[in-house]
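Notes to accompany the following structure.
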Number of protein chains: 2
Amino acid sequence: MSLNEFSLIEKYFAHFGQGESIVKGVGDDAAILDIPKGNQLVTSVDTLVSGVHFPQDAEAGQIARRALRVNLSDLAAMGAKPLGFTLALTIPGIKEDWLSAFSAALAEDALTFNCPLIGGDTTAGLLTITLSVFGTVPDGQALLRSGAQHGDHIYVTGHLGDAAAALSLLKASDIDEPKNQLRTGREYLLNRFYQPTPRLPAGEKLRSLASAALDVSDGLLADLGHITRQSGVGAQINVHRLPLSETLKEFKDQQQAIQWALTGGDDYELCFTVPAKKNAIVEAMISLGELNATEIGRIIEGNKIRCLGADGEMLVFDEAGYQHF
Amino acid sequence: MSLNEFSLIEKYFAHFGQGESIVKGVGDDAAILDIPKGNQLVTSVDTLVSGVHFPQDAEAGQIARRALRVNLSDLAAMGAKPLGFTLALTIPGIKEDWLSAFSAALAEDALTFNCPLIGGDTTAGLLTITLSVFGTVPDGQALLRSGAQHGDHIYVTGHLGDAAAALSLLKASDIDEPKNQLRTGREYLLNRFYQPTPRLPAGEKLRSLASAALDVSDGLLADLGHITRQSGVGAQINVHRLPLSETLKEFKDQQQAIQWALTGGDDYELCFTVPAKKNAIVEAMISLGELNATEIGRIIEGNKIRCLGADGEMLVFDEAGYQHF
């Protein structure tokens with residue numbers, strides 16, 4: 001195959017790089033972006049390595065969607081609005097089918113989330129995808145990890161534990177999988193892993209309401225630990241309040257589901273804290289269907305995260321969450 | 001080794017992330033940057049893969065410097081001023097010595113070029129480094145590839161061909177290397193490969209003067225080809241005017257040196273074009289030592305790049321330059 005780097009980017013990736021803030025996208029030494037007045041730039045980078053962050057036999061489209069969505073989730077966690085992204089793609093060689101599927105899925109998601117491609121680099125090596133996303137947030141309104149205070153209510157969006165259940169399916173370690181499990185349930189779980197939904201609308205709505213926020217990528221306990229450490233507080237989680245999907249509840253016993261919800265990563269839901277005086281607004285938004293979130297506990301004094309069962313008994317879980325190394 | 005991802009970034013990389021525009025650096029879901037009023041954001045991404053972009057036995061510090069400098073060169077080519085960078089580091093495992101050397105060199109260069117680290121990601125896999133650099137340029141003043149016009153003068157900064165000579169040393173294919181070659185000459189060439197100097201001051205000075213610019217990463221002919229294609233013009237290079245370092249001239253015969261200067265990549269000098277009416281300014285800057293650049297030819301009509309020898313004879317070179325695939 002005689003495709004070179006220039007034509008590779010032009011052929012597969014240059015066509016989905018339109019956006020009002022994109023002064024110059026793919027095709028020069030660097031991209032040029034206009035940052036709207038009164039806004040700050042928000043940027044995050046994530047690398048996905050084949051065999052580490054997704055199975056080696058994952059489909060090109062699945063990898064593309066996961067790569068972009070995982071990064072967009074970081075923007076959501078800051079309350080930022082997407083502006084564009086860059087793609088650094090390392091591939092073993094040029095397979096037209098793979099590249100077509102990868103770029104088609106990426107282009108579709110770029111459109112869905114209004115986040116055009118603004119630049120990239122392709123190199124030869126083991127399959128590794130590094131995406132950098134760019135977003136904007138009104139000056140000083142970004143959601144940080146460091147603002148939680150004693151008495152704040154702790155929430156998570158959507159459901160937790162689905163992605164960990166999907167990983168157990170992908171690792172095929174679950175030979176005791178229920179025989180009557182529906183195919184749709186399996187698909188739902190795998191989609192939750194491969195196509196997490198970046199909670200961008202929720203992030204934007206929470207800008208003026210949440211005292212702290214982040215996305216759950218390494219597991220609730222591990223990630224909430226970032227909020228408690230950076231805010232200098234403790235937290236109490238009521239595990240019976242953890243939002244579990246119907247599929248997860250059918251898939252496994254409650255104890256395993258709760259374990260996954262607390263320590264499994266990859267759900268990319270937002271975990272956020274709300275000061276008591278603003279809590280009624282958040283509750284009203286939830287009641288009106290403006291926000292899909294569940295209160296799971298409270299910020300407390302100290303520096304520990306306590307897990308309480310339905311009867312208020314203390315539970316012990318491994319806080320480590322997912323570790324790359 | 002029980003270091004996890006969080007402490008890895010904190011221990012080795014979080015300490016060199018200060019800068020006046022950095023509202024939030026390493027340690028949250030994303031970084032937050034202030035873009036000074038009247039400026040646009042300029043961003044570029046480059047991946048370096050072990051065994052492809054640098055030898056597998058390259059030292060950690062060499063890799064770090066090359067990674068940052070290669071990226072900063074893209075900012076220079078746009079006339080942009082550095083603001084900060086993100087690092088996505090994929091490493092086979094945690095070796096304290098390697099990480100210390102890598103982060104020390106990176107921190108030193110970050111300081112030298114006033115470009116602090118603002119965020120990052122570490123993953124497990126084959127050694128791959130993806131850097132994204134961020135810079136600013138006054139609104140509308142970025143140097144693009146598309147502005148060259150018939151009659152413009154073509155310049156390059158510094159010297160060409162040194163990095164290709166260094167690569168020939170690294171590949172150890174030069175068993176006929178002159179025996180009397182000085183060790184300092186070898187070091188000079190290797191430094192030109194591992195520690196290219198991003199021409200940031202030149203890029204900023206050229207904002208109001210150059211009609212087109214880029215950095216020479218894939219070889220002069222290949223890269224000048226981007227300017228001619230995107231500007232819809234041709235070019236004529238007088239090969240006897242190509243700026244060759246004294247070391248390169250001593251290292252090899254003139255024909256090989258010129259071949260490297262035309263088609264070897266990795267020099268990271270700027271190639272830029274200047275309209276006739278502004279050429280006296282550029283010449284004056286060069287005379288006064290304000291700009292280190294050499295005129296090497298002219299933009300002509302058509303769409304071809306012609307190489308002329310000392311007596312005006314047409315020469316033929318491979319235009320392909322360096323190709324990753």
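The values are calculated or read from the model by the stated rules, or taken from the named source; none is laboratory data. Predicted model, so just to flag it, every value in this text is computed and none were measured. Please note: Cβ atoms are built from the backbone with ideal geometry, for glycine as well, and neighbour counts cover all protein chains shown. Surface accessibility is based on the protein's heavy atoms, side chains included, excluding ligands, DNA and RNA. Shrake-Rupley method; radii C 1.70, N 1.55, O 1.52, S 1.80 Å.
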Specify which of the listed residues (A:Leu244, A:Leu221, A:Leu248) is in contact with a helix residue (DSSP H, G or I) (Cβ under 9 Å, 6 or more places away or on another chain), closer than 24 Å to A:Gly203 by Cβ and not in a helix (DSSP H, G or I).
A:Leu244
Restricting to region B:201-217, name every residue that is part of a loop (DSSP other than H, G, I, E, B) and open to solvent by less than 20 Å² (accessible area, probe 1.4 Å).
B:Leu209, B:Ala210, B:Val216
Selection from region A:122-134 of residues open to solvent by 10 Å² or more (accessible area, probe 1.4 Å) and farther than 23 Å from A:Pro198 by Cβ yields A:Ala124, A:Gly125, A:Leu126
Could you check, for region A:31-43, whether at least one of its residues is within 16 Å of the chain's Cα centre (by Cα), over 17 Å from A:Glu204 (Cβ atoms), buried (at least 20 other Cβ atoms within 10 Å of the Cβ) and not polar (S, T, N, Q)?
no
Where a residue in region B:217-239 is over 15 Å from B:Ala148 (Cα atoms) and its partner, wherever it lies, is of a type in the set (Phe, Trp, Tyr) and open to solvent by 20 Å² or more (accessible area, probe 1.4 Å), with Cβ under 6 Å and at least six apart:
B:Asp218/B:Tyr322; B:Gly219/B:Tyr322
Whether any residue in region B:142-161 is buried (at least 20 other Cβ atoms within 10 Å of the Cβ) and closer than 21 Å to B:Ala30 by Cβ is what I want to check.
no
So, B:Leu75, is that one modelled with pLDDT of 95 or more, closer than 30 Å to B:Val156 by Cα and crowded, with 21+ Cβ neighbours inside 10 Å or not?
yes
Among the numbered conditions (1) within 18 Å of the chain's Cα centre (by Cα); (2) within 8 Å of chain B (Cβ to nearest Cβ), tell me where A:Thr112 comes up short.
(2)
Residue list for region B:22-80, restricted to those being of a type in the set (Ser, Thr, Tyr) and either without any contact (Cβ under 8 Å) to a residue 40 or more places away in the chain or part of a helix (DSSP H, G or I) (or both)
B:Ser73
Being touching a residue at least 24 places away in the same chain (Cβ under 8 Å) and within 11 Å of chain A (Cβ to nearest Cβ), is that true of even one residue in region B:13-21?
yes
Name the pairs: first residue in region A:290-304 and part of a loop (DSSP other than H, G, I, E, B), second residue open to solvent by 100 Å² or more (accessible area, probe 1.4 Å), Cβ to Cβ under 9 Å, at least 6 apart or on different chains?
A:Glu301/A:His150; A:Asn303/A:Arg229
Can you name every residue in region A:27-59 that is more than 7 Å from chain B (Cβ to nearest Cβ) and out of contact with any Lys or Arg (no Cβ under 9 Å at 6 or more places or on another chain)?
A:Pro36, A:Gly38, A:Ser50, A:Gly51, A:Gln56, A:Asp57, A:Glu59
